[in-house]
Amino acid sequence: MTIETIQLGLVGWPLGHSLSPAIHTAALKAAGLKGNYRLFPYPPGSEGASRIDHLLECLRQGELKGLNVTIPYKRSALAWVDELTPLAASLGSVNTLFLKDGRLVGDNTDGPGFLADLIHPQRGPSLISGPMYGKTALILGAGGAARSAAAVLVRLGMTVLVAARNFEQALDIAESVQIKPEGGFERGSITPLTMDSESLHGLSPVLIVNATPLGMVPEVNASPWLSELPYPSGAVLYDMVYNPPETAFIRAGRASGLSAAGGLGMLVEQAALSFEIWTGQPAPRFEMYAAATLSLPILSTSENSSRKEVS
Ligand code: NAP
């Protein structure tokens, strides 16, 4: 009997400091599966496009079991597939590709990964208690990660405020994400805001999410929270930045007595959900989280650490 070798990978550009190979290699090993997870750092342009076409063909032929997609291809990957999951369609963004019944499917595990880490984190007890329905969440930033978080929080019935320095970006999320792919509206609501003290003053969210790169190495003293405003009392802080593990945003929040977490768990959870799609097996989250944690110090001293974090 031959044992299947599970070939997985990540396409994006640049990919120099990705933690995904370490996380998925640990997952394959802990699950007793033979396989590997390779990086495909393909630059945008015609050369990259023909290499991506080849990767997609490998997926269709079953030579590649699964592929993650990251910056700058999360949006263009919409056109690579035969089918989108409802979440990927409503986000307009794909991070996971797989073959199902001979059809290439695009899914997005970023939002569910964020939610899973918020509610059932590997790192310890949940920061969130009780139902989220009707409560207010404030998301700082309005890029792809903010869109993913807004999509899952609005589905819980939360009142989601998206604050961006470019109001139009936040408006775009509010207009597109709260409409269900099948028609009608989600249970909660999304309101766009400008990220300034006038708009953020006096808000009392139960959850504040940093979905900007502010605070990431090497700019570790930067924070998305406006220094002239106090943190809302009782709010939980979630920073999608995971390097450093304790950002200035988290540190200041904890100093004000708030509960806070960084984004490493989200990174692991989105990987775990992709792993489960590809293998049909429960992801060994403990080992995946351990691998991510162990790889992080290497990342923070690497010459690539000033670049944007990717999956
Ligand atoms: P993105 O699409 O580039 O969006 C970044 C957002 O942050 C944009 O709205 C951008 O506004 C805003 N921003 C950037 N610099 C700012 C500043 N100085 N002041 C105010 N707003 C600023 O990036 P993304 O993919 O959403 O990622 C956002 C962050 O989340 C990154 O740090 C990324 O590494 C992290 N992330 C983590 C995970 C995880 O698994 N933990 C997953 C995804 C993303 P402009 O357009 O005006 O620049």
Test: Ser129 is assigned to a helix (DSSP H, G or I) and at pLDDT below 95: no
Matching residues in region 87-113 - criterion: being surrounded by 24 or more Cβ atoms within 10 Å (Cβ to Cβ), out of contact with any strand residue (DSSP E or B) (no Cβ under 7 Å at 6 or more places or on another chain) and of a type outside the set (S, T, N, Q): Leu91, Asp110, Gly111, Gly113
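Go through Leu19, Leu10, Leu56, Leu39 for me and flag whichever is closer than 16 Å to Pro72 by Cβ and open to solvent by less than 30 Å² (accessible area, probe 1.4 Å).
On the way: Leu19 fails: closer than 16 Å to Pro72 by Cβ; Leu56 fails: closer than 16 Å to Pro72 by Cβ; Leu39 fails: open to solvent by less than 30 Å² (accessible area, probe 1.4 Å).
Of the residues listed, the single one that is closer than 16 Å to Pro72 by Cβ and open to solvent by less than 30 Å² (accessible area, probe 1.4 Å) is Leu10.
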Can you list the helices (runs of 4 or more DSSP H) found entirely within region 1-117 that contain at least 1 residues being charged (D, E, K, R) and over 20 Å from Met288 (Cβ atoms)? 46-61
Restricting to region 86-107, count the residues that are modelled with pLDDT under 95 and not small (Gly, Ala, Ser). 3
Check off (1) within 12 Å of the ligand (Cβ to nearest atom); (2) part of a loop (DSSP other than H, G, I, E, B); (3) more than 20 Å from the chain's Cα centre (by Cα); (4) under 30 Å from Ala89 (Cβ atoms) for Tyr242 and give me the number that stays unchecked. (3)
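One residue is enough: does region 114-121 have a residue meeting the conditions more than 24 Å from Leu193 (Cβ to Cβ), at pLDDT 95 or above and surrounded by 16 or more Cβ atoms within 10 Å (Cβ to Cβ)?
At the first step, the residues of region 114-121 found to be more than 24 Å from Leu193 (Cβ to Cβ) are 116-117, 119-121.
Filter once more, so that each one left must be at pLDDT 95 or above: 116-117.
Going one step further and asking which of them are surrounded by 16 or more Cβ atoms within 10 Å (Cβ to Cβ), we end up with 116-117.
Checked against the condition, which is being more than 24 Å from Leu193 (Cβ to Cβ), at pLDDT 95 or above and surrounded by 16 or more Cβ atoms within 10 Å (Cβ to Cβ), region 114-121 yields at least one hit.
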Restricting region 107-136 to residues that are within 16 Å of the ligand (Cβ to nearest atom) and of a type in the set (Val, Ile, Thr), which is nearest to Trp278 (Cα to Cα)? Thr109
Yes or no: Ser233 touching a Phe, Trp or Tyr at 6+ places or on another chain (Cβ under 7 Å) and surrounded by fewer than 16 Cβ atoms within 10 Å (Cβ to Cβ)? no
Scan of region 252-275 for residues that are farther than 12 Å from Asp239 by Cα, of a type outside the set (A, V, I, L, M) and either away from the ligand (no atom under 16 Å from the Cβ) or not in a helix (DSSP H, G or I) (or both), ordered by number: Arg254, Ser256, Gly257
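So which strands (runs of 3 or more DSSP E) are wholly in region 137-225 and hold at least 3 residues that are aromatic (Phe, Trp, Tyr) and away from the ligand (no atom under 12 Å from the Cβ)? Steps first, please.
Numbers: elements: 159-164, 189-194, 207-210.
So the answer is none; nothing clears 3.
The values are calculated or read from the model by the stated rules, or taken from the named source; none is laboratory data. Remember, predicted model here, so these are calculated numbers, not experimental data. Cβ coordinates were reconstructed from backbone atoms using ideal geometry, including for glycine residues, and neighbour counts include every protein chain displayed. For the accessible areas, the whole protein counts, side chains as well, though only heavy atoms, and no ligand, DNA or RNA atoms are used. Shrake-Rupley method; radii C 1.70, N 1.55, O 1.52, S 1.80 Å.
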